[in-house]
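K.L.:
So that we are looking at the same thing, I have put the structure below in structure tokens.
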Amino acid sequence: GSEGDKAMKVVDCIQGSPEWHAARCGRATASRVPDIVRKIKSGAPSKMRVTYAGELIAERLSGVQPQDGFVSPAMQFGKDMEDQAAATYGFMHDIEPIKVGFVIHPTIDMAGASPDRLIGDHGLIQVKVPNTATHIESLLGGEIEPDYVKQMQWELACTKRQWIDFVSFDPRLPPHMQLHTKRVARDDKYIAELEEQVRIFLNELDQKLAALNARYGLEKAA
């Protein structure tokens, strides 16, 4: 890897493997950062934030991260097509997209991200294989969903990289319409806000865990 990669805290594993699940166990991850920062209209934290805290506490107490459950045909199609999307991107940009395992945040140890691919020394890609209507909206200049932007900025925070290409791929359309790419630059101010929110969330989670252990006692080893 480059000098830049040495700075990354990478758990070397294949995404989806038991090692990957072990690395993520009890850690806040990029795709759930939107849930951490989500608020309801009154400004109070959303139910999803509390739910996610509960999931992570259960993971920390059990030492096990549940394997992904239900996979819809659309989800499976997306997984199958991710490699093709990355290969198409690589071909068009004459660069080799590199797979990576789990990347731990540089300063927040209990948080991290699993980027879809590393690009060169400074970039990432985030691959989406949406339904055709969504892809067409992207082709026509539609905005990237706010939740994806949060996820992408978090991946940049974890990897210390400078930009991420949002890639929408739909093999059901003619070849010249299959790949849509939109570059998103690193936003340090926004990243700092996300980091602050994640730190607060993880502190609350630690307090809940401590309260649980204080009330119910740590099981004595037999």
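For (1) over 23 Å from ALA210 (Cβ atoms); (2) at pLDDT 95 or above, each residue gets a yes or a no:
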{"position": "GLY54", "(1), (2)": "no, yes"}
{"position": "MET75", "(1), (2)": "yes, no"}
{"position": "MET110", "(1), (2)": "no, yes"}
{"position": "ASP116", "(1), (2)": "yes, yes"}
{"position": "PRO130", "(1), (2)": "yes, no"}
{"position": "SER138", "(1), (2)": "yes, yes"}
{"position": "MET152", "(1), (2)": "yes, yes"}
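K.L.:
Now for a separate question. For LEU139, are the conditions met, namely being open to solvent by 40 Å² or more (accessible area, probe 1.4 Å) and aliphatic (A, V, I, L, M)?
P.N.:
Here the answer is yes, as LEU139 does meet what is asked.
K.L.:
Going by the structure shown, is TYR89 in contact with an Asp or Glu (Cβ under 8 Å, 6 or more places away or on another chain) and farther than 28 Å from GLY26 by Cα?
P.N.:
Criteria met by TYR89.
K.L.:
Do you know which residues across the stretch 68-113 are of a type in the set (Ser, Thr, Tyr), closer than 15 Å to PHE166 by Cα and either free of Cβ contacts under 8 Å to residues at least 40 places away in the same chain or surrounded by fewer than 21 Cβ atoms within 10 Å (Cβ to Cβ) (or both)?
P.N.:
If the condition is that a residue be of a type in the set (Ser, Thr, Tyr), closer than 15 Å to PHE166 by Cα and either free of Cβ contacts under 8 Å to residues at least 40 places away in the same chain or surrounded by fewer than 21 Cβ atoms within 10 Å (Cβ to Cβ) (or both), then THR88 is the only one that fits.
K.L.:
Would you confirm whether or not the stretch 168-186 contains a residue that is of a type in the set (Phe, Trp, Tyr), within 19 Å of GLU143 (Cβ to Cβ) and open to solvent by less than 60 Å² (accessible area, probe 1.4 Å)?
P.N.:
Yes, that holds for at least one residue.
K.L.:
Across the stretch 42-67, what is the number of residues that are farther than 26 Å from ILE125 by Cα, of a type in the set (S, T, N, Q) and open to solvent by less than 40 Å² (accessible area, probe 1.4 Å)?
P.N.:
Matching residues across the stretch 42-67 total 1.
K.L.:
For TYR216, only one of the following conditions fails: (1) among the aromatic types (Phe, Trp, Tyr); (2) under 19 Å from ARG117 (Cα atoms); (3) without any contact (Cβ under 8 Å) to a residue 24 or more places away in the chain. What is its number?
P.N.:
(2)
The values are calculated or read from the model by the stated rules, or taken from the named source; none is laboratory data. Predicted model, so just to flag it, every value in this text is computed and none were measured. Cβ sites come from the backbone with ideal geometry, for glycine too, and all protein chains shown count toward neighbours. Areas reflect the complete protein model, heavy atoms only, side chains present, ligands, DNA and RNA absent. Shrake-Rupley method; radii C 1.70, N 1.55, O 1.52, S 1.80 Å.
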